[in-house]
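Asker: Just passing along the structure, written as structure tokens.
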Amino acid sequence: MGVSELADSRVIDCHVHIWMLRKTFDEESIHGQTEALVEIIEKGRLEGMYAFDSLSHFPLYFKARHPGLFYAGGYAPWTGRIDQMPDPDWATYIPRLIELGYDGIGEMGSKPTTRDAHVPLDSPYYRGLWEACEEHKFPVLCHIGDVEDFWHEETTPGWAKERGWGYYRGDYTSLEELYTEIENVLDRHPELPITLCHFLFLSPHLERAEEFLETYPNACLDLSLGVELMYNISRRRDDYRDFFIHHDTRILFGTDIGMSTTLPQHLARITMIRRFLETGDEFHTPDSADDLLTRYELPYVGLDLPKSSLERIYAGNFRRLWGDEARKVDVDLALATCLREGGTVMAEAFKGLQE
């Protein structure tokens with residue numbers, strides 16, 4: 001099944017990474033990455049996407065260059081990278097992001113790291129972030145943990161080991177510790193608009209996912225791949241279909257595009273998740289998909305969700321949290337900010353938007 005065979009729906013991807021600027025950051029790569037994102041929207045039949053980067057302010061650039069297509073995610077450090085913002089004043093930082101034209105925070109969160117580098121999400125360092133985002137209703141896309149298999153050498157796949165995503169050597173924080181941190185945050189900030197990535201890696205545990213959503217009514221889950229999510233859901237397909245329909249106001253469409261790096265790989269992610277949600281098909285990971293998407297022997301089994309649920313998951317829930325329209329970028333302020341922060345390459349790009 002290709003993208004053209006999917007239902008005619010309004011779809012916003014809530015989880016898109018920047019991939020072309022990881023090694024090269026110059027005018028040519030900025031232009032190339034921007035047009036690559038536009039091509040994904042056009043050929044992937046998306047209405048828009050929420051994309052994010054580091055401290056470069058690049059998301060404001062492609063958002064300003066193509067109004068109406070993009071929502072922009074502002075930066076907050078991951079738990080192992082607070083050296084990038086060692087002493088933030090969150091009470092002024094978040095309003096400043098809003099003034100620039102950002103629509104939310106993240107992706108950020110707690111990808112597992114060793115204890116000596118880990119700063120808990122419920123620690124004093126992040127307290128002001130959660131307070132400011134709750135006060136300003138500024139939505140957060142937050143990653144917690146990883147696939148539970150990655151804490152055991154015998155169940156960690158080879159591709160994950162190659163990327164250092166095995167947490168069985170060294171003194172890593174446990175998945176349960178990371179869950180406790182975010183639960184403490186949610187207990188303290190019941191009005192914080194937050195979406196947890198990758199179904200919070202709870203797909204093997206339907207009852208726990210149910211309990212989590214019932215306990216924290218302000219929290220949502222996104223469906224960005226890894227495919228262990230679809231695989232685990234498929235093993236309890238009927239139970240999970242009921243879950244998705246019951247909680248269809250709490251689930252968001254996302255792909256993790258940018259972990260993929262070519263157009264066929266990006267489109268494979270879009271198609272796989274949509275086929276899984278829209279149809280009752282049994283299918284496997286296509287050859288066109290990137291290597292991070294496991295090739296399982298057993299098939300995925302689609303949920304064949306009703307149209308009303310699809311409309312909420314595909315775009316309605318995102319618009320409720322991030323707004324019906326993206327904020328307008330203040331290009332002059334973005335330029336001045338880049339110059340003040342030493343971002344000369346991005347400053348030149350913003351100058352081009354003024355001409």
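The values are calculated or read from the model by the stated rules, or taken from the named source; none is laboratory data. On a predicted model such as this, the values are computed, not experimentally measured, just so you know. Glycine also receives a Cβ, built like all others from the backbone with ideal geometry; neighbour counts cover every protein chain displayed.
Asker: Select, from V119, V147, the only residue that is closer than 15 Å to W78 by Cβ and of a type outside the set (G, A, S).
Answerer: V119
Asker: Could you figure out which of (1) of a type in the set (K, R); (2) part of a helix (DSSP H, G or I); (3) more than 19 Å from A132 (Cβ to Cβ) isn't true of R96?
Answerer: Just one mismatch for R96, condition (3).
Asker: Just to be sure I understand, how many residues within the stretch 304-344 are touching a helix residue (DSSP H, G or I) at 6+ places or on another chain (Cβ under 9 Å), in contact (Cβ under 8 Å) with a residue 24 or more places away in the chain and among the aliphatic types (A, V, I, L, M)?
Answerer: Summing the residues that are touching a helix residue (DSSP H, G or I) at 6+ places or on another chain (Cβ under 9 Å), in contact (Cβ under 8 Å) with a residue 24 or more places away in the chain and among the aliphatic types (A, V, I, L, M) in the stretch 304-344 gives 8.
Asker: Out of the stretch 203-242, which residues are aromatic (F, W, Y) and touching a strand residue (DSSP E or B) at 6+ places or on another chain (Cβ under 9 Å)?
Answerer: F212, Y216, Y231
Asker: If you go through the stretch 176-190 one residue at a time, do you hit one that is among the hydrophobic types (A, V, I, L, M, F, W, C), under 28 Å from R241 (Cα atoms), surrounded by 13 or more Cβ atoms within 10 Å (Cβ to Cβ) and without any contact (Cβ under 8 Å) to a residue 60 or more places away in the chain?
Answerer: The answer is yes, given that some residue of the stretch 176-190 is among the hydrophobic types (A, V, I, L, M, F, W, C), under 28 Å from R241 (Cα atoms), surrounded by 13 or more Cβ atoms within 10 Å (Cβ to Cβ) and without any contact (Cβ under 8 Å) to a residue 60 or more places away in the chain.
Asker: So which helices (runs of 4 or more DSSP H) stay within the stretch 302-355 end to end and still have 1 or more residues that are farther than 18 Å from D8 by Cα?
Answerer: It comes to 317-322, 331-341, 344-354.
Asker: Condition first: charged (D, E, K, R), at pLDDT below 95 and closer than 30 Å to Y61 by Cβ. Can you find one or more residues in the stretch 289-311 that meet it?
Answerer: Looking through the stretch 289-311, at least one residue is charged (D, E, K, R), at pLDDT below 95 and closer than 30 Å to Y61 by Cβ.
Asker: Answer yes or no as to whether R22 is farther than 18 Å from D330 by Cβ and either at pLDDT below 95 or of a type in the set (G, A, S) (or both).
Answerer: yes
Asker: If a residue has to be of a type in the set (F, W, Y) and in a loop (DSSP other than H, G, I, E, B) to count, how many in the stretch 178-201 make the cut?
Answerer: Qualifying residue count for the region: 0.
Asker: Now for a separate question. If we keep just the residues of the stretch 313-335 that are surrounded by 14 or more Cβ atoms within 10 Å (Cβ to Cβ) and over 17 Å from the mean Cα position of the chain (by Cα), which is nearest to T255 (Cα to Cα)?
Answerer: Result: R327.
Asker: Please work out which residue is surrounded by the fewest Cβ atoms within 10 Å (Cβ to Cβ), limiting yourself to the stretch 35-82 and to residues that are polar (S, T, N, Q) and touching a residue at least 40 places away in the same chain (Cβ under 8 Å).
Answerer: Applying the filter and picking the extreme gives S56.
Asker: Considering only residues that are among the aromatic types (F, W, Y) and surrounded by fewer than 18 Cβ atoms within 10 Å (Cβ to Cβ), look in the stretch 152-171 and name the one that is modelled with the lowest pLDDT.
Answerer: So, considering only residues that are among the aromatic types (F, W, Y) and surrounded by fewer than 18 Cβ atoms within 10 Å (Cβ to Cβ), the one modelled with the lowest pLDDT is W159.
Asker: Identify, from the list M85, M108, the residue that is without any contact (Cβ under 8 Å) to a residue 60 or more places away in the chain and either surrounded by 18 or more Cβ atoms within 10 Å (Cβ to Cβ) or polar (S, T, N, Q) (or both).
Answerer: M108
Asker: While we're on this one: I need the full set of residues from the stretch 48-103 which are closer than 28 Å to H266 by Cβ and among the basic types (K, R), in order please.
Answerer: Once the filter is applied, which keeps residues that are closer than 28 Å to H266 by Cβ and among the basic types (K, R), the stretch 48-103 yields K63, R65, R81.
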